[in-house]
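Notes follow the structure.
Only the coordinates and a few stated rules stand behind these numbers; no lab work does. Since the model is a prediction, treat every value here as computed from it, not as a measurement. Note that we place each Cβ from the backbone using ideal geometry, even for glycine, and neighbour counts take in every protein chain shown.
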Amino acid sequence: MESNIELERALMLRLAAATLVALSLGAFAANEPEFNVAIEGHKFAPDRIEVPAGKKVKLIVENKDATPEEFESAQLKVEKVIPGKSKATIFVGPLKAGEYKFVGEYNEKTAKGVVVAK
């Protein structure tokens, strides 16, 4: 009987530790500045995103088009396919001050933008 109590106690401690880790990771992610970008009509809006230099940032990209688009930037080291009518979260940085171009690979002629770190 005593071994069952010890086992339950050990499981409860592990569960509590896992919960604390999950909560602390969630709090860490919440501290990153967020920037919203839409894809509509095979264009990014806004097509210029100003972000703080030296900080990791979160881009929330909403594809309002019915077709998928790939958010791609060699400078940001990002490639992410975003299905039509859906959202994706993309983390970039910390970035040095400067301009970082990105495109929608499936519609490169119209889907262009730049992240400006200041």
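Give me a comma-separated list of calculated 3J(HN,Hα) values for the stretch 55-62, in order, Karplus coefficients 6.51, -1.76, 1.60 applied at θ = phi - 60°, integers in Hz, x for any Gly or Pro.
My calculation for the stretch 55-62 gives 10, 6, 10, 10, 9, 9, 9, 9 Hz in order.
At R0 = 35 Å, how high is the FRET efficiency between LYS96 and GLU62 if r is their beta carbon distance? Nearest 0.05 is fine.
Efficiency, from the Cβ-Cβ distance: 0.80.
So what are the ³J(HN,Hα) numbers for the stretch 37-42, from phi and the Karplus equation (6.51, -1.76, 1.60; θ = phi - 60°), rounded to whole Hz, Gly and Pro as x?
Rounded to whole hertz, the list is 9, 10, 10, 8, x, 6.
Please list, ordered by chain and number, the residues whose modelled amide H lies under 5 Å from the amide H of PHE44; skip anything fewer than 5 residues away on the same chain.
Residues meeting the amide H criterion: LYS112.
For a quick check: with amide H placed at 1.01 Å from N, whose amide H comes under 5 Å from ILE49's, ignoring anything fewer than 5 positions away on the same chain?
Here VAL114, VAL115, VAL116 satisfy the definition.
Quick check on packing: order 76-84, 100-108 by the mean number of other C-beta atoms within 10 Å, highest mean leading.
Going by the mean number of other Cβ atoms within 10 Å, highest first, we get 100-108, 76-84.
What are the ³J(HN,Hα) values, in whole Hz, obtained from phi via the Karplus relation 6.51 cos²θ - 1.76 cosθ + 1.60 with θ = phi - 60°, for each residue of the stretch 109-118 in sequence order, with x given for Gly and Pro?
Karplus values, whole Hz, x for Gly and Pro: 6, 10, 8, 9, x, 8, 9, 10, 8, 10.
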